[in-house]
1. Among the residues of the stretch 27-37, how many are aliphatic (A, V, I, L, M) and either surrounded by 21 or more Cβ atoms within 10 Å (Cβ to Cβ) or not assigned by TED's automatic domain parsing to the domain that holds Trp116 (or both)?
2. Give the stretch 143-164 a look and list any residue that's of a type in the set (A, V, I, L, M, F, W, C) and either in a loop (DSSP other than H, G, I, E, B) or out of contact with any Asp or Glu (no Cβ under 8 Å at 6 or more places or on another chain) (or both), or say none.
3. Of the conditions (1) assigned to a helix (DSSP H, G or I); (2) of a type outside the set (D, E, K, R); (3) under 30 Å from Gly141 (Cα atoms), Ile270 fails just one. Which one is it?
4. Out of curiosity, is Pro256 closer than 25 Å to Gly354 by Cβ and under 21 Å from the mean Cα position of the chain (by Cα)?
5. How about the stretch 298-349: which of its residues are on the phi < 0 side of the Ramachandran plot and assigned to a loop (DSSP other than H, G, I, E, B)?
6. Quick one: Asp178 ticks every box in (1) at pLDDT 95 or above; (2) in a helix (DSSP H, G or I); (3) of a type in the set (D, E, K, R) except a single one, so which number is it?
7. Could you tell me which residue of the stretch 90-120 is modelled with the highest pLDDT, considering only residues that are under 26 Å from Glu189 (Cβ atoms) and in contact with a helix residue (DSSP H, G or I) (Cβ under 6 Å, 6 or more places away or on another chain)?
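The values are calculated or read from the model by the stated rules, or taken from the named source; none is laboratory data. Being a predicted model, the structure only gives us computed values, none of them experimental. Cβ sites come from the backbone with ideal geometry, for glycine too, and all protein chains shown count toward neighbours.
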Amino acid sequence: MTATVPAPWTDAPTTARLVLADGTVIEGQGLGATGTAVGEVCFNTAITGYQEILTDPSYAGQIITFTFPHVGNVGTNIEDTETSNLASLSGVRGCVLRASITEPSNYRAAEHFDLWLKARGIIAIAGVDTRALTGLIREKGMPNGVIAHHPSGNFDIGQLKAEAAAWPGLVGMDLVPDVTSGQSYTWDEMRWVWGEGYPRNVAPEFHVVAIDYGLKRNILRCLANAGCRVTVVPATATAEEVLARQPDGVFLSNGPGDPAETGKYAVPQIKKLVASGKPVFGICLGHQMLGLALGATTKKMHQGHHGANHPVKDFTTNKVEIVSMNHGFAVDRASLPNGVVETHMSLFDGSNCGLALDGQPVFSVQHHPEASPGPQDSHYLFNRFANFMRAQKGTPLVRER
């Protein structure tokens with residue numbers, strides 16, 4: 001009887017590279033689209049919601065390192081897309097994975113994650129020690145980098161290093177034109193219900209105009225759940241155009257890039273909207289630009305906040321909530337002028353996470369209360385916004401929940 005000789009161990013071919021601006025070269029297996037893309041490398045600590053993260057326009061210009069090892073195992077579907085315009089792309093440059101993508105195992109899966117990445121033009125690299133990369137980012141900050149995928153595995157490393165080193169980074173970069181909607185539209189879809197999908201708001205209590213700087217769909221759903229019929233307008237809409245729609249309130253959306261750069265055209269309009277006396281609510285980039293409009297300044301963060309497990313304290317209730325975050329810039333809390341109150345603070349690093357204009361129905365938060373993915377601790381903020389509109393209409397207030 002002849003003994004069976006086991007096949008020799010062979011490593012999978014390396015068909016992708018992640019090259020950082022300092023010259024670090026990371027090898028791995030390529031997935032998704034082929035080609036090269038340059039961006040800022042960050043890490044996200046969420047353990048679910050990879051599709052929502054990769055379709056969040058706030059990540060435009062970034063390469064996302066997922067700290068959770070199993071990404072892609074539940075496939076993808078159309079319902080979990082977060083770009084407000086399904087025909088548009090989020091602007092994400094690439095993603096970094098620990099393990100390769102397995103076959104999907106979920107009753108909602110409609111497409112394999114690898115095919116979904118290809119269709120959206122997102123380059124991925126797997127087989128990376130994401131713990132080590134995350135540690136590097138924590139220590140040195142978010143580096144610029146190039147992600148490259150080619151089936152041959154042949155790369156001009158010198159060219160990739162030069163491209164990573166030459167990219168100017170997100171400071172001074174306005175990415176909103178790449179992700180905002182090109183036209184206005186209305187929205188009445190509410191939050192997902194198990195076994196039912198997305199119901200419609202058939203009896204809205206308010207009309208809200210939302211300015212789209214890179215708007216997420218679940219924000220619109222949460223506004224609809226709070227009783228709002230929403231009209232979405234492009235980022236370039238003027239205050240006069242917004243107010244001509246006779247809204248009960250104005251919403252300033254999330255989005256990517258440097259708030260000071262986008263603020264060159266957005267902040268003058270936000271100042272007029274605040275002066276109108278209408279209730280104003282901002283999230284993420286909308287929060288940062290509202291801060292600029294009220295006289296504060298913004299700054300680039302060392303490693304940013306990206307995840308679904310961040311503790312934040314609400315000073316108006318003295319409660320601590322776990323929230324979803326995604327930002328690399330922040331309002332400088334030391335720059336808040338008189339009359340602007342800090343309402344929320346990160347318990348990780350003490351950075352500002354919320355503000356309000358004293359005595360007026362104007363407020364914003366840095367985190368994502370719509371939390372897609374993430375916990376629902378902050379959904380009450382949409383009810384807070386609704387109560388500001390109720391107060392102006394003279395209708396009874398509803399307890400925040």
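1. Result for the stretch 27-37: 1.
2. Residues of the stretch 143-164 that are of a type in the set (A, V, I, L, M, F, W, C), as a first pass: 146-148, 155, 157, 160, 162, 164.
Ile147, Ala148, Phe155, Ile157, Leu160, Ala162, Ala164 - these are the residues of the stretch 143-164 that are of a type in the set (A, V, I, L, M, F, W, C) and either in a loop (DSSP other than H, G, I, E, B) or out of contact with any Asp or Glu (no Cβ under 8 Å at 6 or more places or on another chain) (or both).
3. Checking Ile270 against (1) assigned to a helix (DSSP H, G or I); (2) of a type outside the set (D, E, K, R); (3) under 30 Å from Gly141 (Cα atoms), the one that fails is (3).
4. On the way: closer than 25 Å to Gly354 by Cβ: yes; under 21 Å from the mean Cα position of the chain (by Cα): yes.
It is true that Pro256 is closer than 25 Å to Gly354 by Cβ and under 21 Å from the mean Cα position of the chain (by Cα).
5. Phe315, Thr316, Thr317, Asp332, Leu336, Pro337, Asn338, Leu347, Phe348, Asp349
6. It fails just one condition, (1).
7. Val92
For every residue, the table says whether it meets (1) crowded, with 24+ Cβ neighbours inside 10 Å; (2) among the hydroxyl-bearing types (Ser, Thr, Tyr); (3) modelled with pLDDT under 95.
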| residue | (1), (2), (3) |
| --- | --- |
| Leu347 | no, no, no |
| Gly350 | no, no, no |
| Gln366 | yes, no, no |
| Gly374 | yes, no, yes |
| Arg390 | no, no, no |
| Leu397 | no, no, yes |
